[in-house]
Amino acid sequence: MKIAYPVILAEDGSFLMASIPDCEIDTQGETLVDVDIEAYRRKYEMRTVRKNLTIPFWLNEEAEKRQVNFSKVLQDALAQLLGFDSSPRV
């Protein structure tokens, strides 16, 4: 019995490590699995995207006094609004 660490070869030649638990493989045969790489990337991509934020001056002043992390607050609020757990999706 061997343990496999699933790796996906993308159409562009890059490799993606699958975020699924180790799995046992049968060394007697092969199994081909069709995977939608773009859907996988969209679901598990953890890179960040820069966004601009416009808020009233007074709100900015109060938040800065309290050392509010604007990025964290916005991420948590968006996750809650969209019905996601705010923890990373990996």
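Mind listing just one residue for me: the one in region 35-90 that is acidic (Asp, Glu) and part of a loop (DSSP other than H, G, I, E, B) and, of those, nearest to the chain's Cα centre (by Cα)? Steps first, answer last, please.
The first filter runs over region 35-90 and keeps only residues acidic (Asp, Glu), leaving 36, 38, 45, 61-62, 64, 76, 85.
If we keep only those that are part of a loop (DSSP other than H, G, I, E, B) as well, we get 36, 45, 85.
Working: ASP36: 16, GLU45: 4, ASP85: 12 Å.
Per the stated criteria, the residue is GLU45.
What residue, of LYS72, LYS51, LYS2, is modelled with pLDDT of 70 or more, on the phi < 0 side of the Ramachandran plot and surrounded by fewer than 10 Cβ atoms within 10 Å (Cβ to Cβ)? The conditions single out LYS51.
The values are calculated or read from the model by the stated rules, or taken from the named source; none is laboratory data. Here the structure is a predicted model, which is why all the values come from computation and not from measurement. Methodologically, a virtual Cβ is constructed for each residue, glycine included, from the backbone with ideal geometry; neighbour enumeration extends over all protein chains shown.
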